[in-house]
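Have a look at the structure below before the remarks.
Readers should treat all values here as calculations from the given coordinates under stated rules, not as data from a laboratory. Since the model is a prediction, treat every value here as computed from it, not as a measurement. Using ideal geometry, Cβ is built from the backbone for each residue, glycine included, and neighbour counts are taken over all protein chains shown.
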Amino acid sequence: MIPFSILDLAPVAEGADVTRSFRNTLELAQLGDRLGYTRYWLAEHHNMPGIASAATAVLIGHVAGGTSRIRVGAGGIMLPNHAPLQVAEQFGTLASLYPGRIDLGLGRAPGTDQPTMRALRRYADAADSFPDDVLELLHYFEPAQPGQAVRAVPGAGVDVPVWLLGSSLFGARLAARLGLPYAFASHFAPDAMDAALEVYRREFQPSARLSQPYAILGINVVVADSDTEARRLFTSQQQAFINLRRGMPGLLPPPIDDIANHGAPHERHNVDHALACAVVGAPDTVEQGLAAFIARHRPDELIITANVFEHAARLRSFERIAAVRDRLAAASQS
């Protein structure tokens, strides 16, 4: 059975605050550690009141320090927002503190809006230099050479697995050319998923970092006692997505019973399309849905996200997902 991992945005729910969000994040990571999830990734976003993972490397250190086995990393760091040397130093530090447990996923999107891009000192053409910035960053993780003018300390010679993230063919081709593992953002931008996987696998060139292609797909999964209750829990994420598309990002809202009447028809259509890679329901429903998704797309790993308003319900959902994973594994061996 393929590995299951967790993608967390450190959601801040209405009625809560960032401190509570961070406690919830650590508790979820510790649960994932106990239940055998492979990795726990946090994503860089800025100027979004409902997402508390802006200082991604800092939060990764907090989570890694509170867990013992699970890999912890960035899914991802938006590289155009940063100098490659600084990223190498940060993740060289993390990997030195927690050897063998730190991942670095890189994206080229800003992770924010235009005014915040300018506040980050990010320029409009920064994404154009993304391939060169990735190469520069990879260079900093190589062992330092005599006379090397600039080196990452720490970072040089430190084992930090680097992933490329994407939602288009651009990232797939770059990951294939550089021989890096690839994670596709199908949990919110599924349109190019199949084409990107095909391009990545067809064009992959083995490297010192990776001998064969390895692709993760993102997917929204919510499990509850019944299909109806799971769909109700999922409405928090649907509402948040509609608010974001309206240019009004806010705190994660509580679930509602009438999502079919929430927002304009075109808004509901857009959110249904963006969140099409979702399996929501009772355990049996989710088991069938995940089995079908894996059989159709054949990812090497799934990374699962679920912005559930009630923390206890979110924890219980990930417990049930782990149980589904184990049943699927047993079925695959029978």
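Taking 7 Å steps out from each Cα toward its Cβ at residue 208 and residue 177 produces label points 2.0 nm apart. Extension gain, residue 69-residue 191: 0.36 nm per intervening residue step, less the Cα-Cα distance, totals 40.5 nm. Helical content of the chain, expressed as a calculated mean residue ellipticity at 222 nm, amounts to -14000 deg cm²/dmol (DSSP H runs of 4 or more residues, -39,500 (n - 2.57) each, divided by residue number, nearest 500). Residues of the stretch 75-99 with an amide N closer than 14 Å to a point placed 7 Å from the Cα of residue 150 along the Cα-to-Cβ direction: 82-89.
Our coupling estimate for the stretch 251-260, obtained by passing each phi through the Karplus curve with A = 6.51, B = -1.76, C = 1.60 and θ = phi - 60°, is 5, 5, x, x, x, 10, 8, 10, 4, 5 Hz, Gly and Pro reported as x.
Note on residue 248/residue 331: beta-carbon distance plugged into 1/(1 + (r/R0)^6) with R0 of 45 Å gives a FRET efficiency of 0.55. For the stretch 21-92, the gyration tensor built on C-alpha atoms gives an oblate shape. Its axis ratio a/c (a ≥ b ≥ c) is at least 1.5, and a/b is not larger than b/c. Using R0 = 22 Å, the C-beta based FRET efficiency linking residue 135 and residue 83 works out to 0.95. Taking a ≥ b ≥ c as the square roots of the eigenvalues of the Cα gyration tensor, an a/c ratio of 1.5 or more together with a/b no larger than b/c marks the stretch 26-151 as oblate. Take each peptide in 233-240, 274-281, count the other Cβ atoms within 10 Å of every residue, and average; sorted highest first, the result is 233-240, 274-281. Highest-first packing order for the peptide set 182-191, 72-81 is 72-81, 182-191, based on the mean count of other beta carbon atoms within 10 Å.
Calculate, for residue 55 and residue 319, the FRET efficiency according to 1/(1 + (r/R0)^6) with r their C-beta to C-beta distance and R0 30 Å; round to the nearest 0.05.
0.60
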